[in-house]
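Visitor: This is the structure, below, for whatever I ask next.
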Amino acid sequence: MGPDRLKAFTDGVLAIIITIMVLELRVPHDAALASVRPLVPVVLSYALSFVYLMIYWNNHHHLLHVTRRVTGGILWANAHLLFWLSLVPFVTAWMGENHFAPVTMAAYGVILFLAGVAYLVLQRVIIISQGPESVLAAAVGRDIKGKVSALLYALAIPAAFIRPWIASMLFVSVAMIWLIPDRRIEHLGTQTDR
């Protein structure tokens, strides 16, 4: 099977995840600007999670762009990734509603860590399926960026209990690392399209 159905399915699931997340944002019952102040943590956690979901969507798109055929292993690895991403709205709302309490931030870190690991697993399953000489294998190489991200998530989990602001900075740092588009796959993928 080609990757188009898997791309479309994943796009749909991510759209639903984002919709669920935005529905958690509650409109204040008061028109005063002060009524928005308690929502600041909720909006900040939403914004960070939205950025993360867009990063996953963007990278997933590039990942499947260079995937020529989809195997059962790839389907399951993709489902594994979507499982962890589907929990992002829960931990996002929990963290925002509780003003970044340590336990909620640690839970957020656990979900981000497991989603990051699931992405690395998906990437590895695709490389195994497509072969060591595949475009993806050449583009990813040792994938230092992905491994560093997982390490930073792992560090953020205990940091949430010691100094929650450190965990916050680690979450934002990983997002910043990935906001700069990863051109490795995109560049090699466009060369194969010619």
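The values are calculated or read from the model by the stated rules, or taken from the named source; none is laboratory data. For clarity, every value in this text was computed on a predicted model and none was experimentally measured. As a convention, Cβ positions derive from the backbone with ideal geometry for all residues, glycine included, and neighbour counts pool all protein chains shown. Areas reflect the complete protein model, heavy atoms only, side chains present, ligands, DNA and RNA absent. Shrake-Rupley method; radii C 1.70, N 1.55, O 1.52, S 1.80 Å.
Visitor: Determine whether the range 51-63 contains at least one residue that is more than 20 Å from LEU114 (Cβ to Cβ), open to solvent by less than 60 Å² (accessible area, probe 1.4 Å) and not in a helix (DSSP H, G or I). I'd like the intermediate steps shown before the answer.
Guide: Restricting attention to the range 51-63, the residues satisfying the condition of being more than 20 Å from LEU114 (Cβ to Cβ) are 61-62.
Then drop every residue that is not open to solvent by less than 60 Å² (accessible area, probe 1.4 Å), which leaves 62.
In the following step, the residues that additionally are not in a helix (DSSP H, G or I) were identified as none.
Within the range 51-63, none of the residues are more than 20 Å from LEU114 (Cβ to Cβ), open to solvent by less than 60 Å² (accessible area, probe 1.4 Å) and not in a helix (DSSP H, G or I).
Visitor: Applying the selection to the range 30-49, what residues are of a type outside the set (A, V, I, L, M) and surrounded by fewer than 16 Cβ atoms within 10 Å (Cβ to Cβ)?
Guide: The answer is ASP30, SER35, ARG37, PRO38.
Visitor: Somewhere in the range 76-86, is a residue closer than 17 Å to TYR46 by Cα and either buried (at least 20 other Cβ atoms within 10 Å of the Cβ) or basic (Lys, Arg) (or both)? Quick ask: steps written out before the conclusion?
Guide: First pass over the range 76-86, keeping only residues closer than 17 Å to TYR46 by Cα: 84-86.
Keeping just the survivors that are either buried (at least 20 other Cβ atoms within 10 Å of the Cβ) or basic (Lys, Arg) (or both) gives 85.
Yes, that holds for at least one residue.
Visitor: Answer yes if at least one residue in the range 134-153 is open to solvent by less than 60 Å² (accessible area, probe 1.4 Å), modelled with pLDDT of 95 or more, in contact with a Ser or Thr (Cβ under 8 Å, 6 or more places away or on another chain) and not polar (S, T, N, Q), and no otherwise.
Guide: Among the residues of the range 134-153, at least one is open to solvent by less than 60 Å² (accessible area, probe 1.4 Å), modelled with pLDDT of 95 or more, in contact with a Ser or Thr (Cβ under 8 Å, 6 or more places away or on another chain) and not polar (S, T, N, Q), which makes the answer yes.
Visitor: Suppose we filter the range 7-29 for residues that are of a type outside the set (Asp, Glu), open to solvent by 60 Å² or more (accessible area, probe 1.4 Å) and closer than 26 Å to LEU64 by Cα; how many remain?
Guide: 5
Visitor: If GLY2 meets every condition in (1) under 30 Å from GLY131 (Cα atoms); (2) at pLDDT 90 or above apart from one, which number is that one?
Guide: (2)
Visitor: If the requirement is being over 20 Å from the mean Cα position of the chain (by Cα) and part of a loop (DSSP other than H, G, I, E, B), which of these qualifies: VAL27, VAL36?
Guide: Of the residues listed, the single one that is over 20 Å from the mean Cα position of the chain (by Cα) and part of a loop (DSSP other than H, G, I, E, B) is VAL27.
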